[in-house]
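Beneath this line is the structure, given in structure tokens, with notes to follow.
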Amino acid sequence: MFCTKCGYNAGTAKFCPKCGNPLNPQPVQETPVQSEPVVAQPVQETPVQSEPVAAQPVQSQPVQQFGTQPQADVTPQQQFGTQPQADVTPQQQFGTQPQFNAASQQQFGTQPQFGAVPPVNVDVPRYQAADPMQPQPKKKKKKWPLVAVILIALAAVITAVVIVVLPKLKKELSPTKQAVTAIKNVGASLEDSVDKLFNNLGTNTVSDKNEISGTFKFDNMTVNGESYSKYVKADSIKYDIQTDTSLQKAAGDLKLQNGSTELLTVSFYTDGSTVYFKIPELFTETFSMSVDQIAKDTDIDSSFGYSFDMSDISSYLSVLNSGDFSQYKEPAKAAAKALAKGIDAFADACQYGKNDSLTYKSDNGDIEVTEYSVTVTEEAVKAGVNAAIDALYADTTTSTYMSMLTIAGVTQDSLKKEVASSIQGMDPVTFSMYVNKDDAIVRISIDNADVNGNSNGTIAISFVGKDNISDYVVIEANADDTNMKFTVQNADNRSSVAFDMKQGSEYMKMALDCSLSGSTVAINNMSIDMNIDDVKANMKITGDYSQKEFSSMKYSTSSFSNPVNVDKMTSAQQTALVTEFVKNSAVFKKIISDDLYKQLFSAALSGN
């Protein structure tokens, strides 16, 4: 018997002497057995049946593998299905290890491989058992659709964890971090805001010589129930005004119109000390007045505390020249950066409490927010101020300016001590803060009682813009019986401002709405509605204006030859002017109503 593991001829031993492999006969696997023994018949190129076939004795021929293909040129061929008859030599039991005469069998060192024949002596019969036919396995269904479903479900779970679970978990683990970040984001935006401001000033050069022109149309003007249209036919003013702030000069025209018809024109020129003007529809003479006298006649001194002077305006506007203004860009950015550091330190030192998530119903729609309570302490204010001061002195761009304070006797330490002294003993102040999903502040409100214990109400500021939260800002203040609201909106080249104030039964409402198209600004609405001190008034104006730089002024002193000095008119001059005014009074018929005209000129026309 040959060893099935190493091929050694072990004779009749039960275990292989070489490798120890058991040599007990093995059952035939999945091989059908005929019920009756079959004697091998010689086959002449007959295809082999589909049943498993055992190896045949070969006379000097290579052994052919059986099972699927017919064997050709093999003589004789024996088909085995059961044990061969006793008279068949050599004898082999199909399904067990073949038995061989040890004297005539060549020994093998390794197990013969399927389809290969080990070398044999040509005069020694050689047998090899063919491997039994294995049944074809059933074709398995593809598992890719199931795998794809599993992967999609897994991706959905991961997405849900990243988008929904982790942010919520983050907020739960650090419930006040969003509030701190929101306050710090305010400081982070300062430097960018300053940069944008200076860039805009650089592209829109501010000139000393500007010409502004446009129209104001009176859509409505009512005082205590009476409309101006009852007395005045003119409904608009057209203007074209030039100003040269470097030379303190101005000139222009003001025209009173009814529709597009020009009714009355006032042309003027000033050199900063004297105003020259003329009204050609009424007078052939030109006139002059002292600027100081105009200020006295209109009580500008008592109202504003200083006299009118074009040089003041010139000094203020001169710094807006883009060439000079650009030199302050880097220091302004450094100052904003220092202030941002102060805000960061302030935010870290405040105390926080997280309240509920809610829907804030703003003037610009509903916003999902989280409410926090923020407590500002004396230490928080000191931390923020000290950090900003340190940053201003540390930055070489701003340290030069800070050294000017040192010359004046104010040092870095003394400045900190001054601030600390001014807030010493400050009571903690708590305010409410709404923060959206982008860690931006939507609303801040504070109870007046926390600031001033003698008043009730709140002070609040809201940032509710859609694309940029600062595009829509609302400031509100309520104290006792006084309510105030100030709103600023910017969107799509359109800006609007609204102010509402109410105290008891009295109120005032003002609004301005403008839109930009090219270089022209359209005044869509400029209105006042008020009821104060028993005076009820309602006014609405629309119009437009545009601005450009001019090269030469349209009027000068020579345009107003031999002017009459209004401050020093003689009696003869006064009489001549009254006569000319009455002579040209028909002009007023186009300006004022007939009833008003009769009232004003009846005495003059009658000669009384």
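In the stretch 364-393, the residues that are closer than 17 Å to V435 by Cα reach residues that are among the small types (G, A, S) and surrounded by 20 or more Cβ atoms within 10 Å (Cβ to Cβ) with C-beta atoms within less than 7 angstrom, at least six apart or across chains, in these pairs: Y372/A179; V374/A179.
Residue by residue, here is whether (1) closer than 30 Å to N210 by Cα; (2) in a loop (DSSP other than H, G, I, E, B) holds:
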| residue | (1), (2) |
| --- | --- |
| K540 | yes, no |
| Q547 | yes, no |
| S552 | yes, yes |
| Y555 | yes, yes |
| F581 | no, no |
| Q599 | no, no |
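All of K548, K509, K554 fail the test of being charged (D, E, K, R), surrounded by 14 or more Cβ atoms within 10 Å (Cβ to Cβ) and touching a residue at least 60 places away in the same chain (Cβ under 8 Å), apart from K554. State yes or no: is S519 under 30 Å from L247 (Cβ atoms) and free of Cβ contacts under 8 Å to residues at least 12 places away in the same chain? So S519 does not fit the description; no. For the stretch 566-603, the set of residues classified as over 14 Å from I279 (Cβ atoms), of a type in the set (S, T, Y) and surrounded by 14 or more Cβ atoms within 10 Å (Cβ to Cβ) consists of S593, Y597, listed by residue number.
Check whether at least one residue in the stretch 335-342 is among the charged types (D, E, K, R), within 28 Å of the chain's Cα centre (by Cα), at pLDDT below 90 and buried (at least 17 other Cβ atoms within 10 Å of the Cβ), and report yes or no. Within the stretch 335-342, not a single residue is among the charged types (D, E, K, R), within 28 Å of the chain's Cα centre (by Cα), at pLDDT below 90 and buried (at least 17 other Cβ atoms within 10 Å of the Cβ). Mind checking which pairs have a first residue in the stretch 477-496 that is in contact (Cβ under 8 Å) with a residue 60 or more places away in the chain and under 25 Å from C514 (Cα atoms) and a second that is of a type in the set (V, I, T) and in a strand (DSSP E or B), Cβ under 8 Å, 6 or more apart or different chains? Cβ pairs passing all conditions: T487/V473; T487/V474; T487/I475; T487/V497.
If I go through the stretch 363-398 residue by residue, how many of them are surrounded by fewer than 18 Cβ atoms within 10 Å (Cβ to Cβ) and small (G, A, S)? Here the count works out to 3.
Taking the numbered list (1) closer than 30 Å to Y269 by Cα; (2) assigned to a strand (DSSP E or B); (3) over 29 Å from the mean Cα position of the chain (by Cα) in turn, N478 passes all entries but (1).
The values are calculated or read from the model by the stated rules, or taken from the named source; none is laboratory data. Computed from a predicted structure; not experimentally measured. Cβ: placed from backbone, ideal geometry, glycine included. Neighbour counts: every protein chain shown.
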